[in-house]
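A.B. asks: The structure is given below, and queries will be raised subsequently.
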Amino acid sequence: MGCVLEFSATFDEPLRLSETSATHVYRIVQESLTNVIRHSRATDVTISLETVSGELHLRVDDNGRGFEQPAPDSPEAWD
C-alpha cells in the first residue's frame, strides 16, 4: 500500500538553524512518517513547515485511523 506525500514550506524570513536543530527537525519528521506508515494506515500525508514570528512550526497531518483519547478528567488520562 502506498502513501501520497504533500510538502509545503513557507518562510517569512530566511530560516537559520544550527546543524543540531536541523537534525532534530529531520528526525522528528522521520519518526512522524514512520508512525504514519506503521500505525495509521494513512494514504495521504501533508507536512508543512513555516516560520511565524521567528519560530519554526512543523505540522504533520494524515488521513489515517486515529486513536481514542480519554477525557481529561478520567482516571485513564493520568496513567
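Read-outs: derived from the displayed coordinates by stated rules, not from any lab. Everything quoted here is computed from the prediction, not taken from an experiment. Backbone-built Cβ (ideal geometry, glycine too); neighbour counts: all protein chains shown.
A.B. asks: Hey, what angle do you get for helix 19-35 against the long axis of the chain, alpha-carbon based, 0 to 90 degrees rounded to 10?
C.D. replies: Once rounded, one gets 30 degrees.
A.B. asks: Of L56, L33, P70, which is farthest towards the positive pole of region 26-79's charge dipole, taken about the Cα centre with +1 and -1 on the beta-carbons of Lys, Arg and Asp, Glu respectively?
C.D. replies: L33
A.B. asks: Give the longest segment of the chain that steers clear of chymotrypsin sites (Phe, Trp or Tyr not before Pro) in DSSP loops with at most 15 neighbouring Cβ atoms within 10 Å, not counting the sites themselves.
C.D. replies: 12-66
A.B. asks: Taking region 11-79, which trypsin sites (Lys or Arg not before Pro) meet the DSSP loop condition and have no more than 12 other C-beta atoms within 10 Å?
C.D. replies: Here the trypsin sites (Lys or Arg not before Pro) that fit, given the DSSP loop and packing criteria, are R16, R65.
A.B. asks: Where nothing but the Cβ of Lys and Arg (+1) and of Asp and Glu (-1) is charged, how large is the charge dipole of the chain around its Cα centre, in debye to the nearest 20?
C.D. replies: Dipole magnitude for the chain comes out near 340 debye.
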